[in-house]
Structures are given as structure tokens and as C-alpha cells.
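Colleague: Okay, handing you the structure first.
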Amino acid sequence: MTAAARMSVTILGAGSWGTALAALACARADTLLWARDAALARHIRGQRRNPRYLPDLTLPDSLSCTDDFDRAVAHACHGTGLIILGVPVAGLAQLCERLAASLALAGAIGQPPDGHVEQRLSIVWTCKGFQQDTGRLPHQIVQAALSDGGLAPDASSWQIGMGVLSGPSFAREVAQGLPVALTIASRHAWVANACIAALHGGNARIYTSDDIIGVEVGGALKNIMAIACGIADGLGLGTNARAALITRGLAEIQRLGIKLGGRADTFAGLTGLGDLVLSATGELS
């Protein structure tokens with residue numbers, strides 16, 4: 001990919017996962033990381049480290065960081081841009097409400113800045129879990145918040161696509177450049193292609209799916225079984241018990257996932273079995 005062809009990527013959230021993805025993306029894309037705290041953004045720019053998350057890892061010189069939210073959003077609003085929402089489920093709705101307002105300022109609602117209707121914007125989230133009180137999955141939170149802000153895909157002359165990036169991954173290992181395989185699930189092939197362009201290569205492999213619900217349910221429910229495995233380990237019940245919990249737990253996750261609208265095969269992949277095995281056995285979990 002030539003310098004002229006490098007896409008623009010904005011990552012909203014400078015936690016461990018957002019920072020790790022930013023470090024990964026900046027090798028292939030013009031990447032801007034947004035940190036809520038101005039002091040943290042200055043430290044990342046000046047010291048090339050995130051002292052609150054992954055403090056012992058040096059970040060690439062090519063990674064930019066800002067605490068200016070509107071600037072961060074506008075960064076991805078030209079050509080074929082990608083915005084990654086790197087916050088937990090608890091903060092997703094508030095972030096999306098702010099994003100909708102900022103996109104309106106950037107021109108993503110109504111006519112695109114340069115007047116070309118073929119411009120595309122991909123919005124991808126990485127959080128796992130159900131929203132407390134409502135029980136909504138992340139895609140439901142994102143769609144509701146952006147639609148309430150006037151950012152419905154059919155109400156904009158931009159093409160706006162959404163998806164979830166998930167899979168068995170520890171942020172520290174990703175930031176260290178160790179091998180990782182993730183899944184981008186979206187109903188739009190060009191959203192998946194944007195994630196592949198920004199993240200795929202070297203030790204990172206990005207697979208594609210169109211089963212957003214299945215991917216989200218696998219990521220949300222694996223922690224329950226991982227906690228159960230931790231309890232079993234603490235009680236000294238042995239590895240037989242852990243294996244039983246993983247396999248029978250996966251069967252229950254699959255049944256519920258299908259009931260919610262996911263596909264059975266999704267739970268045998270990275271975002272089902274893969275994520276469950278990592279969380280139930282990984283030392284960093």
C-alpha cells in the first residue's frame with residue numbers, strides 16, 4: 001500500500017485495547033488515537049507510552065494521539081475512513097451519541113465534505129457484553145444512539161457501514177506484535193475490507209463474517225464460563241472439570257446464540273470457541 005493510498009483510521013478510546021489496535025493499525029494506515037484525558041494524550045505523544053495501560057510498551061513513532069474529539073472524528077471523514085470504538089459496553093451509548101454530533105459537524109450527515117456520494121465510512125466496535133439494565137447487544141446500542149442522532153445509514157449521502165471486531169485476543173500480546181486472529185463481522189463487505197486494509201498483515205490475521213449477533217453473543221457469554229473455570233481451578237477440581245465446563249458451556253452459548261439470531265457455525269470459530277478457550281485458559285485473563 002502506497003503512502004498516497006493509506007486510509008485514515010481513528011480509534012476512540014485509549015484504554016489497553018484501543019491503544020493496542022492503534023499500534024497495530026499505524027503500520028498500515030494513517031492512524032489517530034483519541035484519549036479523553038488531555039494529559040494522557042500529551043504523554044503518549046511525547047513519551048510514546050501509555051502510562052495507564054500497557055505502560056512498559058513503546059508505541060510506534062507514526063502513531064498520533066489527541067484529546068480533541070471532533071478532530072479525531074474528522075480525521076476519518078474523507079475518502080474511505082474507519083472509526084473504531086474502543087470503549088467498554090458501559091460507555092458505548094454515550095460515545096455514540098457524541099460521535100453522531102461530531103459527524104454532523106464533520107459533514108457526514110447530509111452532503112459529504114467534497115461532494116462525492118461514493119465516500120464510505122466504517123464504524124466498528126470492539127466491546128463485548130450486554131448493556132446493563134437493557135440487556136442490549138452492542139450493535140443495538142450503536143444503531144439506536146446513531147439513529148437518534150440523525151445518523152441513520154439511509155438518511156445520509158455517505159455510505160455508512162457498521163460492524164464488530166472480536167476474537168481471542170489479549171491487548172498486551174497484540175501491542176507486542178505477537179500473532180493474533182480476529183473476526184470482523186458486518187453486513188457490508190467494504191466494512192470488512194476496511195478493517196483488513198488497516199489491521200491485516202504481519203502477525204495479525206483478520207477473518208470475515210456477516211453474523212454480527214453470533215459474534216457478539218460469543219464474546220458476551222464466554223466470560224461467564226471463564227469465571228466458572230476460574231472457580232473450578234480455585235477449588236482444585238482439576239483439568240477434567242475445566243474441559244467439561246468449556247465444552248458444555250460452549251454448547252449452551254451456542255443454543256442461546258441461535259435463539260437470539262446467531263448462526264451455529266459462528267460458535268465453532270474464533271469468536272465462539274476461540275474466545276472461550278483463551279478466556280478460560282489464558283494466564284492474562
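Colleague: Scan the strands (runs of 3 or more DSSP E) fully inside the stretch 1-74 and keep the ones with 2 or more residues being among the polar types (S, T, N, Q), touching a helix residue (DSSP H, G or I) at 6+ places or on another chain (Cβ under 7 Å) and touching a residue at least 12 places away in the same chain (Cβ under 8 Å).
Modeller: Qualifying strands (runs of 3 or more DSSP E): 8-12.
Colleague: Is it the case, given these coordinates, that residue 6 is at pLDDT 95 or above and more than 25 Å from residue 141 (Cβ to Cβ)?
Modeller: Details: at pLDDT 95 or above: no; more than 25 Å from residue 141 (Cβ to Cβ): yes.
Against the criterion (at pLDDT 95 or above and more than 25 Å from residue 141 (Cβ to Cβ)), residue 6 does not qualify.
Colleague: Here is a further query. Exactly one condition in (1) closer than 18 Å to residue 80 by Cβ; (2) at pLDDT below 95 is not met by residue 155; state its number.
Modeller: Answer for residue 155: the failing condition is (1).
Colleague: OK, next. Residues 67, 133, 114: which one is surrounded by fewer than 23 Cβ atoms within 10 Å (Cβ to Cβ), at pLDDT 90 or above and closer than 19 Å to residue 30 by Cβ?
Modeller: Working: 133 fails: closer than 19 Å to residue 30 by Cβ; 114 fails: at pLDDT 90 or above.
None of the others qualify; the one that does is 67.
The values are calculated or read from the model by the stated rules, or taken from the named source; none is laboratory data. Remember, it's a predicted structure, so these values are computed and weren't measured experimentally. Reconstructed Cβ throughout: ideal geometry from the backbone, glycine too, with neighbour counts over all protein chains shown.
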